[in-house]
Amino acid sequence: MTTGPVEIRSLVRQLLRHRGLLDNIYGTAGLTTVQCHVMIELEQESLTAEQLSERLNIDVTNANRTLAILINNDNVASTIDQESNLPRYSLSDVGKERLDEHHFGINQQIALYLEQLDTDEIESLSTSLHRYNRAMEQSERQKGFTLRLLEPADNAAIATVIRKVSEEYGLTADKGYSVADPTLDVLSESYKAENAAYWVVEQNGKILGGGGIAPLPGEVGVCELQKMYFRPELRGRGFARRLAAMAMKFARNQGYHSCYLETTACLKEAIHLYKSLGFKRVDAPLGNTGHTDCEVAMLKKL
């Protein structure tokens, strides 16, 4: 069974219950969950209420209310910033001791949990939690953008994106890169089959990038991740990973057993992404892509 949003929500609820995060007091130091998070941030450096609000994703009123309680309990001290004339908050000596007590108790609890797992399971858990946190952060950065299937009306816009990004990286048409494909100006025609798809990212009606999946010519059961190009406005928002993940899910549903791609060594960020997605370099190119100057060939088992 494929894990989906309902299963993930259930697992998160169980995690919160086991960790005692539904209680008003969290841990053994008599602190609420919000108080703990505020003090942990102030453990690193002094901050304003606005900075705390932004880091913890809570409203400023909640941050100020929590700070007032912590000050009243001698856990936090405040000073006036000379430049901004705003209060800056830091842990008091009492607060440091209390937070150390909290850390000790929680770390002992986590250590007991981890004793139930083998080393490889702990590494897998750590990797998954990192990726899940990153997915949440990227989702925030992607607000205001739309990821959808390519339509014929998008052909001119996505062709322009591919040409501009190719030019930026020196991937000229005379060297056999995607920019030389004769179908570039009518790209939607290449992805009409049920076992192929191309997605674009747009903002306010402007196409800013895209990528697709299609059968690899000359190979049975192998698809190719194709024409992944993104304008600078999209970079750093996680769209390349999101689109590639969507393409892999589509490929599995279509019955492909492997996914292939070709790229070039100058696209270091792309190669790093592909490796993180499970693609491995192969010694020789597969199929017949026509991209003679793409010296990096990679394959992922689906």
Tell me the residue from Asn155, Asn107 that is modelled with pLDDT of 95 or more, among the polar types (S, T, N, Q) and more than 20 Å from the chain's Cα centre (by Cα), please. Asn155
Only residues that are under 13 Å from Ser92 (Cα atoms) and outside any helix (DSSP H, G or I): list them for segment 36-55, please. Glu45, Ser46
Looking only at residues that are more than 18 Å from Arg235 (Cα to Cα) and either assigned to a strand (DSSP E or B) or not assigned by TED's automatic domain parsing to the domain that holds Glu167 (or both) in segment 246-292, which one is modelled with the lowest pLDDT? Glu262
Could you list, in sequence order, the residues of segment 183-200 that are within 15 Å of Ala159 (Cβ to Cβ) and either assigned to a helix (DSSP H, G or I) or in contact (Cβ under 8 Å) with a residue 24 or more places away in the chain (or both)? Leu184, Asp185, Val186, Leu187, Ser188, Glu189, Ser190, Tyr191, Tyr198, Val200
Note on segment 188-231: residues farther than 22 Å from Arg163 by Cα, surrounded by 15 or more Cβ atoms within 10 Å (Cβ to Cβ) and charged (D, E, K, R) are Glu219
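For Gln138, are the conditions met, namely being of a type in the set (S, T, N, Q), under 29 Å from Ala196 (Cβ atoms) and modelled with pLDDT of 90 or more?
Yes, satisfied.
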Go through the residues of segment 67-87 one by one and say whether even a single one is at pLDDT 95 or above, in contact with a helix residue (DSSP H, G or I) (Cβ under 8 Å, 6 or more places away or on another chain) and β-branched (Val, Ile, Thr). yes
Pick from Ser10, Ser90, Ser84: which is surrounded by 14 or more Cβ atoms within 10 Å (Cβ to Cβ) and either assigned to a helix (DSSP H, G or I) or polar (S, T, N, Q) (or both)? Ser90
Cβ contacts < 8 Å: first residue under 22 Å from Asn107 (Cα atoms), restricted to segment 37-55; second residue part of a helix (DSSP H, G or I) and of a type in the set (Gly, Ala, Ser), any location; separation 6+ or different chain. Result? Val38/Ala63; Met39/Gly95; Leu42/Gly95
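Taking Ala111 as the residue in question, decide whether it is touching a residue at least 60 places away in the same chain (Cβ under 8 Å) and small (Gly, Ala, Ser). Give the derivation first.
Working: touching a residue at least 60 places away in the same chain (Cβ under 8 Å): no; small (Gly, Ala, Ser): yes.
Here the answer is no, as Ala111 does not meet what is asked.
The values are calculated or read from the model by the stated rules, or taken from the named source; none is laboratory data. Keep in mind the model is a prediction, meaning the values are calculated, not measured. A quick note on method: Cβ atoms are made from the backbone with ideal geometry, for glycine too, and the neighbour counts reach across all protein chains shown.
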